[in-house]
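Visitor: First the structure, which I've put down as structure tokens, then a few questions once you've had a look.
The values are calculated or read from the model by the stated rules, or taken from the named source; none is laboratory data. Please read these numbers as outputs of a predicted model, since none were measured by experiment. Quick reminder, even Gly has a Cβ in these numbers, built from the backbone with ideal geometry, and neighbours come from all protein chains shown. We work out accessible area using only protein heavy atoms, side chains counted, and drop any ligands, DNA or RNA first. Shrake-Rupley method; radii C 1.70, N 1.55, O 1.52, S 1.80 Å.
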Amino acid sequence: MILVFGSINIDLVARVAAIPQPGETVLSPRYETLFGGKGANQAVAAARASLPHQVAIVACVGNDAFGRSARDNLARNGVMADLVANSAEPTGCAFITVDERGENAITVASGANTSLTKAAVRGFAVDAATVALFQMEVPFVASLDVARHVRAAGGRVIWNLAPAPPSFPASDLSDLLATTDIFVVNEHEAIAAAALLGCKNDDFRDAGSYLSGKGCLCVVTAGARGAFAFHPDGHSERVEAGLIQPIDTTGAGDTFVGVLANGLDEAMPFTSALHRAVRGASLACLAPGAQAGMPTREQLGTTREG
Ligand code: RIB
């Protein structure tokens, strides 16, 4: 069973020729209102990849129309959302600009996501079969407490350090790594995390290898170059991504994490789960918005061969 402890946002998305620089204003013909939030995205990606009733989310939304539609969207996608609480804050909202190459820039107004506490997870029966997913859009202390609870019950923790906080104490990162089985970062996050712990190196492979030396498996997602996994025993592997013409890369990292979690939840060999996650992330880039392109179980294939 997969438990996602994380954020829910509504994404307001404008497509532009080029993402504005500081002080610049650019025009877009319209905007779209879409479902997002790293927690919700990872939950939807995992649920689409899974058999029914295998994914639950613990999160907070506002007592507003955005919150109600986000909750309905999760249920429609097969995510158990009864542990989504109401907050006095408005539902989280992300302001996203996407350029002609499919690259994005995102500002998140956190709102209700800041109200999430460890108490919210009480209604979920954590056990040794739990695969729990964490990101960085809800209070870190609450996530760390829940992750420790999952590990104490014998469950597994996947932590995606996104968005990487601009200032993160090294002691918090050490606590996070000590509580994590699989640490998922992009190239920049890998270099920044390793630097925080004293590894001054601008090669993400060295950073990933260094981070795996802290005792967890470190997976570095590298966009069109696929993903690299650095195992704590020192060996590493790479899965290349197929060639695609991305329409929108928003949510690709979340799809990767959700599909990877499903593979591990179904006891696939790690390498097979990694191949499937890379394939899922590529497919997610072929439709606009974070969730529209997330593949179904049928599109991913259920094979354990990778
Ligand atoms: O990872 C993509 C997500 O980041 C978007 O859906 C947006 O809500 C932000 O949280």
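Visitor: Select from 177, 164, 198 the residue farthest towards the positive end of the dipole of segment 135-209; place +1 on Cβ of Lys and Arg, -1 on Cβ of Asp and Glu, and compute about the Cα centre.
Guide: So the residue we want is 177.
Visitor: To continue, here is another question. What lysines does residue 38 reach when the alpha-carbon gap must be under 23 Å and sequence neighbours fewer than 8 apart in one chain are set aside?
Guide: 118
Visitor: Over all directions, average the projected area of the Cα convex hull of segment 98-220 and note it in nm².
Guide: 8.7
Visitor: What residue among 242, 288, 277 has its Cα farthest toward the positive end of the dipole of the chain, where the charges are +1 on Lys, Arg and -1 on Asp, Glu, each on the Cβ?
Guide: 277
Visitor: State, as an integer percentage, the relative contact order of segment 126-283 based on alpha-carbon contacts under 8 Å between residues 6 or more apart.
Guide: 16
Visitor: Order these peptides, 98-110, 65-77, by their mean beta-carbon neighbour count within 10 angstrom, highest first.
Guide: Put in order of decreasing packing, that is 65-77, 98-110.
Visitor: Leaving out ligands, DNA and RNA but keeping every protein chain, what accessible area does residue 235 have, in Å² rounded to the nearest 10, with a 1.4 Å probe?
Guide: 90
Visitor: Next question, about the same structure. Mind jotting down the three principal axis lengths of segment 162-220 based on Cα atoms? Whole angstrom, largest first.
Guide: In descending order, the Cα extents are 25, 23, 20 Å.
Visitor: To continue, here is another question. How big is Rg to Rh over segment 236-275, alpha-carbon atoms, Rh as the Kirkwood inverse-mean-distance radius? Before the final figure, lay out each step's value.
Guide: Values: Rg = 11.6 Å, Rh = 11.4 Å.
Result: Rg/Rh = 1.02.
Visitor: Another question, if that's okay. Excluding residue 164 itself, calculate the net charge of residues whose Cβ lies under 13 Å from the Cβ of residue 164, where each Lys or Arg counts +1 and each Asp or Glu counts -1.
Guide: On the way: positive: 38; negative: 137, 172, 187, 189.
Result for the local shell: -3.
Visitor: Restricting everything to alpha-carbon atoms, can you work out Rg to Rh for the chain with a Kirkwood hydrodynamic radius?
Guide: 0.94
Visitor: Ok, one more. Quick one: plug the Kirkwood hydrodynamic radius of segment 132-178 (C-alpha pairs) into Stokes-Einstein at 10 °C, 1.306 mPa s, and report D in µm²/s.
Guide: On the way: Rh = 10.9 Å.
My calculation gives 145 µm²/s for D.
Visitor: Charges only on Cβ, +1 for Lys and Arg, -1 for Asp and Glu: so what's the dipole of the chain about the Cα centre, in debye to the nearest 20?
Guide: 480
Visitor: Which lysines have a Cα lying under 17 Å from the Cα of residue 200, excluding residues fewer than 8 positions away in the same chain?
Guide: Filter leaves 214.
Visitor: Here's a follow-up. Could you work out how far apart the two model spin labels at residue 129 and residue 109 are, taking each label as a point 7 Å from the Cα in the direction of the beta carbon, and quote it in nm?
Guide: 4.2
Visitor: Please list 12, 196 in order of solvent-accessible area, largest first, computed with a 1.4 Å probe with all protein chains present.
Guide: Heavy-atom accessible area, descending, gives 196, 12.
Visitor: Rolling a 1.4 angstrom probe over the protein heavy atoms, how many square angstrom per residue are accessible across the chain?
Guide: I get 42 Å² per residue for the chain.
Visitor: Order 130-141, 242-253 from most to least packed using the mean count of other Cβ atoms within 10 Å.
Guide: Working: 130-141: 23.2, 242-253: 19.0.
Packing proxy ranking, top to bottom: 130-141, 242-253.
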